[in-house]
1. Listed residues 124, 130, 135; which is loosely packed, with under 11 Cβ neighbours inside 10 Å and closer than 25 Å to residue 61 by Cβ?
2. If the requirement is being surrounded by 13 or more Cβ atoms within 10 Å (Cβ to Cβ) and modelled with pLDDT under 85, which of these qualifies: 4, 61, 53?
3. Among the numbered criteria (1) surrounded by fewer than 11 Cβ atoms within 10 Å (Cβ to Cβ); (2) in contact with a strand residue (DSSP E or B) (Cβ under 8 Å, 6 or more places away or on another chain), which one does residue 41 miss?
4. Restricting region 29-50 to residues that are at pLDDT 85 or above and out of contact with any helix residue (DSSP H, G or I) (no Cβ under 9 Å at 6 or more places or on another chain), which is nearest to residue 153 (Cα to Cα)?
5. Quick one: is residue 10 touching a helix residue (DSSP H, G or I) at 6+ places or on another chain (Cβ under 9 Å) and either outside the structural domain of residue 148 (by TED's automatic domain parsing) or surrounded by fewer than 15 Cβ atoms within 10 Å (Cβ to Cβ) (or both)?
6. Go through (1) in a loop (DSSP other than H, G, I, E, B); (2) within 19 Å of the chain's Cα centre (by Cα); (3) surrounded by fewer than 10 Cβ atoms within 10 Å (Cβ to Cβ) one by one and return the number of the condition residue 78 breaks.
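The values are calculated or read from the model by the stated rules, or taken from the named source; none is laboratory data. Nothing here was measured: the structure is a model prediction, and the numbers come from that model. Cβ placement follows ideal geometry from the backbone for every residue including glycine, while neighbour counts extend to all protein chains displayed.
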């Protein structure tokens, strides 16, 4: 997403800052709190990170200039799976306002349904101004991976 918005010069400027790439995303916020790294750019957030914000000298912030992205989640019922009626009922509940409120209460996230408030403390979805990948960007995913790989690892 950011490559389309900011271009190759952004990646090159980012590389000059010598970022560290980590595999353990759950450890990264604690490494920030201990001062090992200055910042962490995760794919998504968790309630634990906001709990850490209350206990340590860290701040969770959303990019509001188009840099944030929307993650899509999927849910499905497996064809010919066991308890199909129960699975359909669960999907129906999860997609309802009550299910979405339960999700935002327990996962600390933005809901999929308009009109359902995000978790307390999160900015409204329209203020985050997330970007969505276009069908062309989705089709070019491997190209973007190669650009990123060349910029940071080759």
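1. 124
2. Numbers: 61 fails: surrounded by 13 or more Cβ atoms within 10 Å (Cβ to Cβ); 53 fails: modelled with pLDDT under 85.
Unique residue meeting the criteria: 4.
3. In the conditions (1) surrounded by fewer than 11 Cβ atoms within 10 Å (Cβ to Cβ); (2) in contact with a strand residue (DSSP E or B) (Cβ under 8 Å, 6 or more places away or on another chain), residue 41 misses (2) alone.
4. Keep residues of region 29-50 that are at pLDDT 85 or above, which gives 29-40.
From the residues that got through so far, the ones that are out of contact with any helix residue (DSSP H, G or I) (no Cβ under 9 Å at 6 or more places or on another chain) too are 31, 34-35.
Values: 31: 22, 34: 26, 35: 25 Å.
Taking the candidates together, the pick is 31.
5. Yes, satisfied.
6. Of everything listed in (1) in a loop (DSSP other than H, G, I, E, B); (2) within 19 Å of the chain's Cα centre (by Cα); (3) surrounded by fewer than 10 Cβ atoms within 10 Å (Cβ to Cβ), residue 78 misses just condition (2).
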